[in-house]
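Asker: Would you mind keeping the following structure in view while I ask a few things?
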């Protein structure tokens, strides 16, 4: 679709080396990510990117971001949502980009080297440089309304995929002092930079 085309043809996507992306679910009416994921997984060895996708671990909404190398690494879980299996085809544990609590799914906190969330620490030894984010609604200042608790990240660029009807006027999305907005949106209208980081990545 148009949104995915904009992403995969962008300079900031092509330049990324390690990214997190959600696996879109028709049941949740999310913007699709199948082409984005396919583009990453089919990249040449020289241009190979690391791809981490979310896996919800338990009823407390603890989450891992596990690296995958093929769509065959995904298994169907609750609500027919595809998530990575814990081990690869050889029985080895997958690389975990982040073990986070979803306690603050609406809040995207940035830190230079590490994050501490409800006692869980993510050490950014190999920092993810792009995070592709879903959401229910957004406003033009970058505020985001998600479905549950909270993702917390140390990523250099957080980009939300959004249909045009999901982008509201400022002040519509409820925010707290702890909320940090998205760096940018991609909608059918194109790439919409918000933060200085997004503007720099577009140069």
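Asker: Hey, can you tell me all the residues within the range 166-198 that are at pLDDT 85 or above, in a helix (DSSP H, G or I) and in contact with a strand residue (DSSP E or B) (Cβ under 9 Å, 6 or more places away or on another chain)?
Answerer: If the condition is that a residue be at pLDDT 85 or above, in a helix (DSSP H, G or I) and in contact with a strand residue (DSSP E or B) (Cβ under 9 Å, 6 or more places away or on another chain), then 166, 198 are the ones that fit.
Asker: Restricting to the range 38-73, name every residue that is at pLDDT 90 or above and farther than 24 Å from residue 14 by Cβ.
Answerer: Correct list: 72 only.
Asker: Of the conditions (1) out of contact with any strand residue (DSSP E or B) (no Cβ under 9 Å at 6 or more places or on another chain); (2) modelled with pLDDT under 80; (3) over 22 Å from residue 65 (Cα atoms), residue 201 satisfies every one except a single condition; which number is it?
Answerer: With (1) out of contact with any strand residue (DSSP E or B) (no Cβ under 9 Å at 6 or more places or on another chain); (2) modelled with pLDDT under 80; (3) over 22 Å from residue 65 (Cα atoms) applied to residue 201, the lone miss is (1).
Asker: OK, next. Name the single residue, out of those in the range 115-162 being modelled with pLDDT of 80 or more and either more than 16 Å from the chain's Cα centre (by Cα) or loosely packed, with under 15 Cβ neighbours inside 10 Å (or both), that is farthest from residue 3 (Cα to Cα).
Answerer: 141
Asker: When you go through (1) over 26 Å from residue 187 (Cβ atoms); (2) under 16 Å from the mean Cα position of the chain (by Cα); (3) modelled with pLDDT of 90 or more one by one for residue 97, which number turns out not to apply?
Answerer: It is condition (3) that residue 97 fails.
The values are calculated or read from the model by the stated rules, or taken from the named source; none is laboratory data. Quantities reported herein were computed from a predicted structural model and do not represent experimental measurements. Cβ sites come from the backbone with ideal geometry, for glycine too, and all protein chains shown count toward neighbours.
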